[in-house]
Amino acid sequence: MYLNRVYNLDSLDVIALSQRGSIMNNQWQLQEAKNKFSSLVDKALENGPQIVTRRGKEAVVVISVDEYRDLIKPELDIIEFFQTSPLIGYELDTTRNKDYPRDVEL
């Protein structure tokens, strides 16, 4: 498992540092990624995000499903969201309008 990640925000490069502190290459050309997809997945699981380039430009990042879930996980669950709502104590009108619906010509 990788311990640290260094982010270069200018180019969005991600360099995974192994437990020994050596720098591992995490960029793959598209053709190489297709030919060695299994290795690409293994590297993403072991060393963190792997960047795939197309025509010399960064195109996609391959990450583990655990990292993906961490990225999309909301900061608060639904209970915490309502408990910290600024509307606590505010009386909402929840009565339903019982008028008939409008007439529609068909």
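The values are calculated or read from the model by the stated rules, or taken from the named source; none is laboratory data. All figures in this text were calculated on a predicted structure; none of them were measured in a lab. So basically every Cβ, Gly included, is an ideal-geometry build from the backbone, and we count neighbours across all protein chains shown.
For the reader, a short list of remarks on this structure follows.
- The range 76-106, residues that are of a type in the set (Val, Ile, Thr) and either surrounded by 10 or more Cβ atoms within 10 Å (Cβ to Cβ) or more than 35 Å from the chain's Cα centre (by Cα) (or both): THR94, THR95, VAL104
- Candidate set: the range 43-58, residues that are of a type in the set (Lys, Arg) and surrounded by fewer than 17 Cβ atoms within 10 Å (Cβ to Cβ); chosen: the one farthest from LEU71 (Cα to Cα): ARG55
- Test: residue in the range 25-33 that is over 21 Å from ASP70 (Cα atoms), modelled with pLDDT under 95 and either of a type in the set (Phe, Trp, Tyr) or not in a strand (DSSP E or B) (or both): yes
- Pick from the range 53-106, criterion of a type in the set (Phe, Trp, Tyr) and part of a loop (DSSP other than H, G, I, E, B), ranking: farthest from LEU30 (Cα to Cα): TYR100
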